[in-house]
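Here the structure is laid out as structure tokens; the discussion comes afterwards.
The values are calculated or read from the model by the stated rules, or taken from the named source; none is laboratory data. Remember, it's a predicted structure, so these values are computed and weren't measured experimentally. Reconstructed Cβ throughout: ideal geometry from the backbone, glycine too, with neighbour counts over all protein chains shown. What goes into the accessible areas is simple: the full protein's heavy atoms, side chains included, and nothing from ligands, DNA or RNA. Shrake-Rupley method; radii C 1.70, N 1.55, O 1.52, S 1.80 Å.
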Amino acid sequence: MNIDEQLEFLRRGAVEIIREEDLRAKLEMSVREGRPLRIKFGADPTAPDIHLGHTVAIRKLRHFQELGHTVIFLIGDFTGLIGDPSGKSATRPQLTREEIAANAETYKRQIFKLLDPDRTELRFNSEWMDRLGSDGFIRLASHVTVKQIIERDDFQKRLAEERPVALHELLYPLTQAYDSVALSADVELGGTDQKFNLLMGRNLQREYAQAPQAVFITPLLEGTDGVQKMSKSLGNYVGIDEPPGEMFGKLMSISDDLMWRYYELLTDVPAADIEAMRRRAAVGESNPRDAKVSLAKRVIADFHSAAAADAAEEEFVRRFRNKEVPDEVETVGVDAEAGSLPLARLLALTGLASSVAEGRRLVEQGGVRVGGVRQTDPGVVVGAKSGEDLLIQVGKRRFLRVKVR
């Protein structure tokens, strides 16, 4: 690829690049000097599992590797002792060294499901932070002002609400920024909640007479609930080390609207192909369920294997058909343009709900499945070709086949 093609390849899924002209210059320098860029990504091992939300940035790291660059996967065993305050309304509980070390071991094993080990440096920021010492840390702190730190939105909000901000939290952005200095990072990746920390890295590199890193900001992935960002603590996550069957079931539970975002951020399917699939589903030419099955199998194949993905689909179908669905299910016909029925309205039309309002409530409470997939959006348009059956389940025992005429 030429430089323009490389930038186009890297832009996919990026929220912001600061600054794109800096990234272009670094890519040009890499070609001119034959030196791979050093691409940094840090993760504090505050929980033992990597989930799909983390892989949005990790997939982008792999794209940099495909262009010949070196990825530095930084495990924040020192910063994990502080706890990243990004997006937090209260101080994080501090972990012990032993807890962090145990979690770090699982990270080391899981990241190479996506990254090329030959182009990856696995580093721990205790390497330089433990050596820095108290006098070195004081000298480091002299490079940033209190005003710069408390300008952070998270801190401003907590101070305005008279919530405490612990002194050690103020040190977190500075410590993360120093990682970029210690590693001579050319580019750093992080989610939108990391923007303040990433920019601090640029500023501190200037203080140490280094060329400032380009900042590559990736979006935060919504969890399976479609509302909050994916998080283990919220229970809306899909772990990359989970059994294929569990991953398949969780991915099949997401809404149709969220599915397209997962396609964009968790697969390499070309954007034009995703848009074509979305368009066909919107006009009833295809069933969104089929696209969701394909998504689940692609994701599972990335972290397990294609055979495991096929087996997970078979298990899901077998479990739903054989254990949950009665042998005889009533069929009713509904006159509608194919693919044009909001789910809450369909429940009311078929008598599965007494009204559209009750249908909405049933869906929002998680009590409705279509084709074996739990629905969370009462306004979602039920996709079906004319003449196709939709198997709808309300609660544990109410089943109905709906034929769109």
**Prompt:** Going down the list Lys147/Lys195; Lys40/Lys232; Lys26/Lys113, which pairs span over 19 Å between their C-alpha atoms?
**Reply:** Lys40/Lys232; Lys26/Lys113
**Packing rank of 150-158, 166-174, 66-74, where each peptide gets the mean count of other beta carbons within 10 Å, highest leading** = 66-74, 166-174, 150-158
**Complete:** Magnitude of the Cβ-charge dipole (Lys and Arg +1, Asp and Glu -1) of the chain about the Cα centre, nearest 20 debye, reported as 580 debye
**Asked** Taking only C-alpha pairs under 8 Å that are 6+ residues apart, what is the relative contact order of the chain in percent?
**Response** 14 percent
**Asked** Between Rg and the Kirkwood Rh of segment 138-286, both from Cα atoms, what is the Rg to Rh ratio?
**Response** 1.09
**Prompt:** Which of the listed residues, Leu183, Ile274, Leu220, is farthest toward the dipole's positive end in segment 128-284, when Lys, Arg count +1 and Asp, Glu count -1 at the beta-carbon?
**Reply:** Leu183
**Asked** How long is the gain from Glu162 to Leu7 if the chain were fully straight, where each residue apart is worth 0.36 nm and the alpha carbon distance is subtracted?
**Response** 51.4 nm
**Message:** As an exercise, use a Förster radius of 41 Å and the Cβ-Cβ distance of Asp310 and Ser354 to find the FRET efficiency, rounded to the nearest 0.05.
**Reply:** 0.50
**Message:** Run lengths n ≥ 4 of DSSP H only: what is the helix-derived mean residue ellipticity at 222 nm for the chain, with -39500 (n - 2.57) per run over all residues, to the nearest 500?
**Reply:** -14000 deg cm²/dmol
**Asked** Given a 1.4 Å probe, how much area per residue of the chain is accessible, in Å²?
**Response** 47 Å²
**Fill in**
Descending packing, highest mean Cβ count within 10 Å first, for 1-9, 293-301 is 293-301, 1-9
**Request:** Just round it to a whole percent: the fraction of Cα-Cα distances in segment 195-238 exceeding 18 Å.
**Result:** 50 percent
**Request:** Please give the direction-averaged projected area of the C-alpha convex hull for segment 260-307, in square nanometres with one decimal.
**Result:** 3.3 nm²
**Fill in**
In nm, the gap between the two label points placed 7 Å beyond Cα toward Cβ at Lys396 and Glu66 is 4.6 nm
